[in-house]
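Student: Before we start, here is the structure in question, set down as structure tokens.
The values are calculated or read from the model by the stated rules, or taken from the named source; none is laboratory data. From a predicted model like this one, the values you see are computed outputs, not experimental measurements. Counting neighbours? That spans all protein chains shown, and the Cβs are built from the backbone with ideal geometry, glycine included. These accessible areas exclude ligands, DNA and RNA; they are computed on the full protein's heavy atoms, side chains included. Shrake-Rupley method; radii C 1.70, N 1.55, O 1.52, S 1.80 Å.
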Amino acid sequence: MHQRTEQPGPGSRPTLHELVRQLSACMLRDQRGLRVRLQKVQEMLRARRPAERLLAQIGVEVKRSREWRARRQAQLPRPVFPGELPVVQKKAEIAKAISENQVIVLCGETGSGKTTQLPKICLELGRGVGGMIGHTQPRRIAARSVAMRIAQELDSPLGQVVGYKVRFADKLSENTYVKLMTDGILLAETQGDRFLEQYDTIIIDEAHERSLNIDFLIGYLKQLLPRRRDLKVIVTSATINPEQFSRHFGNAPIVMVSGRTYPVEVRYVPIGGQEDDPDEDEPTLQDAIVGAVDELEREGRGDVLVFLSGEREIRETAESLRTHEAKGSEILPLYARLSTEEQMRVFQSHSRRRIVLATNVAETSLTVPGIRYVIDPGYARISRYNTRTKVHRLPIEAISRASADQRKGRCGRLAEGICIRLYSEEDFNSRTEFTDPEIRRTHLAAVILQMMALRLGTIQDFPFLDPPDYRAIRDGYQTLHELGAIDEQNELTEVGWKLGKLPIDPRVGRMILAAREEGALEEVLIIASALSVQDPRERPMERQQEADLAHAKWRDASSDFLSFVKLWEWYHERAKELSTSKLRKACKENFLSFVRMREWNDIHGQLVGLVREMGGEGK
């Protein structure tokens, strides 16, 4: 590399001032670092110190970054839009709002097409060149399925123009313009990319779900936007209180988009008749679902989506339908813990009538194609923490009116739809309007710890949409004090910083840190990862005695925790010897959930890696 001082004229190296002017044509992720280095060159020149070598290096990097951005501009996809979608009919209004405002709130009913078409509208505006279009989803299954759909519409292989990143998996390339991801992934990226400079646009989709991660991101972006004037933010919400999002971002404009193109008839069919009997047992729900399926079959062809509160209810309903059904319907489960392959089955083409049994993962997070009918029992599992009893529960509760309307919105896309609610209209009208945001019903120790680890400030000062109750905040700080994670000034201790790196409940994480000191790390990592997933041992109601006998071989008289260690050893001994299909069969024969065993294994592997990074051994 030449060392001579710059001389003006053709072919010469760019000057300091020329490089400063060229920064705006570089990739966003490069601009800040290059600007800092150019300021250093300026200081060196003022001090009359030689800076030619550094200036030449920066010049090469500026040229490389500018060329890469120019290449991305030249290869920018040219999307085609399906004219029948309501969001496309408002494309000009949406594009104008995005161009003229840093933040917009897009309020669209289920079925409007906002999730798939918004990134394409951004591409048409020239977004996604200097940085990617980041598009968040509340759940992994939604991130993957939406990425597949948008890639298909842009006629590009998944992982090229459109990619995704979720826990344990990503499919991205240097050519990616649109990146689908979970809210948690984007939040985690703020640790290494404080200004989110790998993005020029961020779409927070399904913001009305109000998970902890969504509320964190909404607050973080509010703080970030004054320092990233070039960043565009689009918050999408179903028709659930969009004004709150607008006020949060300084009265950002709201663009309203209609939803379904076909009307949906709602039928109220309470279980057990007009008066719900509190003494009715659970099989009555199965009878009601079977009866509703029969009623819908008489209405004509069309797939059915049934909402249920958990895996057990899905399994029992599937069994009831298979016993009852004689006309060859295909029955598919859909919940978050299924493998990717099993989840993707609902998106595959089919010829027979399909009945999809889903948790509320299908309520807003993703669209199951071909659904004409919905059966809604009106319940879901909702996590709640009680600050008085210190107990975290997952009770089955009546869903809100907003959630019920979301479920209704899953049908009526292909033809006139029908939603059968297995409760009365009076019951519906008496329900709360919205579901409480997660920040109002969770144990805040993990929230406070995460905020400190991410340097988001104190929970009291953070701009949450709905600030948590002071009693819950006090309880969270008290727990962290007991764990030794914070000191008397509520500052993170060394223990606290280590706990912040573990993606689990801080109380479980503290077990791991103590195990390092006590020489019990191998066993405690197994136990800690087991406590972070749903118990893989299954006890079907009709076969409880058989299940108990099968599980007896893992029991340990001295400790329930050591039962996890025995189960872990049994599973991994067989995993070494058996194929995947035979291992799955062995799990079924021993009343184990193969899906949860695999999730346990994944969490364990992640914890082992993190402990090794901290200097522990881990196995």
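Student: For region 74-92, give me each residue that is surrounded by 13 or more Cβ atoms within 10 Å (Cβ to Cβ) and assigned to a helix (DSSP H, G or I).
Tutor: P86, V87, V88, Q89, K91
Student: Let me spell it out: the conditions are (1) over 19 Å from the mean Cα position of the chain (by Cα); (2) surrounded by 17 or more Cβ atoms within 10 Å (Cβ to Cβ); (3) not in a loop (DSSP other than H, G, I, E, B), and P270 meets all of them except one. Which number is the exception?
Tutor: Single failed check for P270: (3).
Student: Scan region 441-499 for residues that are within 22 Å of R388 (Cβ to Cβ), out of contact with any Lys or Arg (no Cβ under 6 Å at 6 or more places or on another chain), assigned to a helix (DSSP H, G or I) and not β-branched (V, I, T) and report the count.
Tutor: The qualifying residues number 15.
Student: Select from region 468-513 the residues that are surrounded by fewer than 19 Cβ atoms within 10 Å (Cβ to Cβ) and among the basic types (K, R) and list them in ascending order.
Tutor: R471, R474, K501, R507
Student: A further question follows. Over 28 Å from the mean Cα position of the chain (by Cα), at pLDDT 95 or above and not acidic (D, E): which single residue out of K566, K619, K576, K588 fits that description?
Tutor: After ruling out the rest, the residue left standing is K566.
Student: Taking region 562-619, which residues are of a type in the set (S, T, Y), outside any helix (DSSP H, G or I) and open to solvent by less than 20 Å² (accessible area, probe 1.4 Å)?
Tutor: Selection gives S593 alone.
Student: Pull out all pairs, ordered by first then second residue, where Cβ-Cβ is under 6 Å, the residues are six or more apart or on different chains, the first lies in region 375-396 and is more than 21 Å from S424 (Cβ to Cβ) and open to solvent by 80 Å² or more (accessible area, probe 1.4 Å), and the second is assigned to a loop (DSSP other than H, G, I, E, B) and among the small types (G, A, S).
Tutor: Correct list of pairs: R381/S309; R381/G310; L394/S383.
Student: Still on this structure, I have one more. Counting just the residues of region 437-448 that are in contact (Cβ under 8 Å) with a residue 40 or more places away in the chain, open to solvent by 10 Å² or more (accessible area, probe 1.4 Å) and of a type outside the set (G, A, S), which one comes out farthest from R507 (Cα to Cα)?
Tutor: Selected residue: P437.
Student: Now, a different point. Go through (1) assigned to a loop (DSSP other than H, G, I, E, B); (2) in contact with a helix residue (DSSP H, G or I) (Cβ under 9 Å, 6 or more places away or on another chain) for I355 and report which single condition fails.
Tutor: (1)
Student: OK, next. When you scan region 39-48, do you find a residue that is outside any helix (DSSP H, G or I), modelled with pLDDT under 95 and open to solvent by less than 100 Å² (accessible area, probe 1.4 Å), even just one?
Tutor: Within region 39-48 (the criterion being outside any helix (DSSP H, G or I), modelled with pLDDT under 95 and open to solvent by less than 100 Å² (accessible area, probe 1.4 Å)), the answer is yes, since at least one residue qualifies.
Student: Restricting the first residue to region 411-427 and requiring it to be within 16 Å of E397 (Cα to Cα), which pairs with a second residue that is open to solvent by less than 30 Å² (accessible area, probe 1.4 Å) and among the acidic types (D, E) meet a Cβ separation below 6 Å and a spacing of at least six or different chains?
Tutor: R421/D376
Student: Related question: Any residue in region 49-65 that is out of contact with any strand residue (DSSP E or B) (no Cβ under 8 Å at 6 or more places or on another chain), under 30 Å from E124 (Cβ atoms) and open to solvent by 80 Å² or more (accessible area, probe 1.4 Å)?
Tutor: Checked region 49-65: at least one residue is out of contact with any strand residue (DSSP E or B) (no Cβ under 8 Å at 6 or more places or on another chain), under 30 Å from E124 (Cβ atoms) and open to solvent by 80 Å² or more (accessible area, probe 1.4 Å).
Student: Can you tell me which condition E518 does not meet? The list is (1) open to solvent by less than 70 Å² (accessible area, probe 1.4 Å); (2) within 30 Å of A453 (Cα to Cα); (3) without any contact (Cβ under 8 Å) to a residue 60 or more places away in the chain, and all the others hold.
Tutor: Every listed condition holds for E518 apart from (1).
Student: Right, next: So which residues in region 96-125 are open to solvent by 20 Å² or more (accessible area, probe 1.4 Å), modelled with pLDDT of 95 or more and assigned to a helix (DSSP H, G or I)?
Tutor: K96, S99, E100, E124
Student: Taking region 533-556 as the search range and keeping residues that are among the hydrophobic types (A, V, I, L, M, F, W, C), out of contact with any Pro (no Cβ under 8 Å at 6 or more places or on another chain) and modelled with pLDDT of 90 or more, which one is surrounded by the fewest Cβ atoms within 10 Å (Cβ to Cβ)?
Tutor: Checked region 533-556; the qualifying residue surrounded by the fewest Cβ atoms within 10 Å (Cβ to Cβ) is A552.
Student: Right, here's the next one. Can you list residue pairs whose Cβ atoms sit under 7 Å apart, with the first residue in region 242-253 being in contact (Cβ under 8 Å) with a residue 60 or more places away in the chain and more than 16 Å from A97 (Cα to Cα) and the second being open to solvent by 60 Å² or more (accessible area, probe 1.4 Å) and in a helix (DSSP H, G or I)? Count only pairs 6 or more apart in sequence or on different chains.
Tutor: H248/K222
Student: Follow-up. Which condition does L158 not pass, out of (1) open to solvent by 30 Å² or more (accessible area, probe 1.4 Å); (2) at positive phi; (3) modelled with pLDDT of 95 or more; (4) not small (G, A, S), if it passes all the others?
Tutor: Every listed condition holds for L158 apart from (2).
Student: Now for a different question. State the number of residues belonging to region 375-394 that are under 19 Å from Y335 (Cβ atoms) and either at pLDDT 90 or above or among the polar types (S, T, N, Q) (or both).
Tutor: 7
Student: Please specify each residue of region 232-261 satisfying the condition of being farther than 15 Å from A207 by Cα, modelled with pLDDT under 90 and open to solvent by 20 Å² or more (accessible area, probe 1.4 Å).
Tutor: S258, R260, T261, listed by residue number.
Student: Follow-up question, since we're still on this one. Please determine, by comparing only the residues of region 173-210 that are in contact (Cβ under 8 Å) with a residue 24 or more places away in the chain and among the small types (G, A, S), which one is nearest to V233 (Cα to Cα).
Tutor: A207
Student: Restricting attention to region 18-38, does a residue exist that is under 28 Å from the mean Cα position of the chain (by Cα), in contact (Cβ under 8 Å) with a residue 60 or more places away in the chain and open to solvent by 70 Å² or more (accessible area, probe 1.4 Å)?
Tutor: For region 18-38, residues under 28 Å from the mean Cα position of the chain (by Cα), in contact (Cβ under 8 Å) with a residue 60 or more places away in the chain and open to solvent by 70 Å² or more (accessible area, probe 1.4 Å): present.
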